[in-house]
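Quick note: the coordinates plus some simple rules give every number you see, no bench work behind them. Bear in mind the structure is a predicted one, so any value in this text is a computation, not a measurement. Here Cβ is always computed from backbone atoms with ideal geometry, including for glycine, and neighbour counts include all displayed protein chains.
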Amino acid sequence: MSAAEAVTDALRDLHGRFAGVREGRRADYIPELTRSDPDDFGLALVSMDGHSYSAGAADTPFSLQSVSKPFVYALALASLGLEEVSRWVGAEPSGEAFNAISLEAGTGRPANAMVNAGAIVTTALVPDSREAPAFHRILTCLSRFAGRKLDVDEDVYASESATGDRNRALAYLIRSARALPVDPVAAVDTYFRQCAVRATAVDLAVMAATLAHGGVNPVTGERVVPPEVAAQVLAVMATCGMYDASGDWLLRVGLPAKSGVSGGLIAAGPARFGLAAYSPLLDAAGTSVRGYAALGALSERLGLHLM
Ligand code: DON
């Protein structure tokens, strides 16, 4: 069997094996996310030669939510460099939930760019010429990672904006410690828009593959970020991408990864592949139940564990 056939077979088998899992629940603190279909389940893998393999609902669009965070961190790193970005946001696992306060005592600096507090700061580090957060730069960057023009799910944006007081509170706390470079309202508004950017599992696999491919999109051939930035982002995904489940995930699945509350999940095999899953039913850490199970089983079946 060729490698391509092995991947195609594995995705199809694992889709079949986990499609019937009914555990978990959709995130409802962003009410619009409960409109997703709980039966949706897609898997996608993109190789370094730009070939995509998929099974199930891999072309169904959903909002990126926290899957946007590593890519906006990449944009901040590419714009400002690691030393400057690290003055504002750390790179240590928080051991806490995605929406925890997770700020360093004394400085107000968020633990890492994968938790909400750190992601709000990262977004604020992408200013436009008027020093406001620059959503157009973020959308362009996310689109280059995906290799096509992405757009915003305005209903998801409005829904999170109407209910996002916890993120606003985080932004004000950070600002009160003089650790947020822009107005908290503007930072959170841009962050909500970034979380509402819409993509499919195949798009997510291309985005992950671009990180795995040293910052060059393997489908379009475009360099999106420098190789050292892609490596820095994968490092933080490995240690912090799954929040307080990051250790368990790295132990069992062995790949840098990022989850999101709409049910998206990405993982990357450096110099090998980008992987994505979509399924809206979540576990207690906010990770897709079927996505976790399927990517874990895929890692075992194809021997993808990095260690
Ligand atoms: O800020 C929030 O709460 C959401 N926009 C994103 C959180 C998220 O996706 C957490 N990941 N599992």
FRET efficiency, residue 220 to residue 104 (Cβ-Cβ, R0 35 Å, nearest 0.05): 0.35
Given charges at Cβ of Lys, Arg, Asp, Glu: the chain dipole, positive-most of 121, 286, 159: 121
Residues with amide H under 5 Å from that of residue 253, placed H, sequence gap 5 or more: none
Extreme residue, positive dipole direction of the chain, given options 75, 31, 63 (C-beta unit charges): 75
Kirkwood hydrodynamic radius of the chain, from inverse mean 1/r over distinct Cα pairs, in Å: 18.7
Cα long-axis angle, helix 289-302 against the chain (0 to 90 degrees, to the nearest 10): 50
Protection proxy ranking, peptides 278-284, 42-48, average beta carbon neighbours within 10 Å, highest first: 42-48, 278-284
Cα lying deepest toward the dipole's positive end in the chain, options 274, 102, 232, charges on Cβ: 232
Whole-angstrom gap from the stretch 42-107 to the stretch 172-236, using each part's C-alpha centre: 6
Highest average packing first - 52-59, 165-172, Cβ atoms within 10 Å: 52-59, 165-172
³J(HN,Hα), Karplus 6.51/-1.76/1.60, whole Hz, each residue of the stretch 106-123, x for Gly, Pro: x, 9, x, 6, x, 4, 7, 8, 8, 7, 4, 4, x, 5, 5, 5, 4, 4
Total formal charge among the other residues, if their Cβ is under 12 angstrom from that of residue 72, Lys/Arg +1 and Asp/Glu -1: +4
Length released on extending from residue 149 to residue 22, taking residue separation times 0.36 nm less the Cα-Cα span: 42.4 nm
Assigned charges on the beta-carbon of Lys, Arg, Asp, Glu; the stretch 195-307 dipole about Cα centre (debye): 180
Cβ charges +1 (Lys, Arg) and -1 (Asp, Glu), total dipole of the chain, debye: 260
Average projection area in nm² (convex hull over Cα atoms of the stretch 181-307, one quarter of hull surface): 8.5
Inter-probe distance in nm under a simple model that places probes 7 Å from Cα toward Cβ, at residue 8 and residue 140: 3.9
On Cα atoms only, tilt of 227-240 relative to the major axis of the chain in degrees: 90
Highest to lowest packing among 227-236, 21-30, scored as the average C-beta count within 10 Å: 227-236, 21-30
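Report the FRET efficiency, 1/(1 + (r/R0)^6), for residue 80 and residue 185, where r is their Cβ-Cβ distance and R0 is 22 Å, rounded to 0.05.
So the FRET efficiency works out to roughly 0.45.
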Distance between modelled label sites at residue 302 and residue 248, nm, 7 Å Cα→Cβ extension: 2.5
Unit charges on C-beta of K, R, D, E only; dipole of the stretch 66-195, Debye: 220
For the stretch 66-195, projected area of the alpha-carbon convex hull averaged over all directions, nm²: 7.5
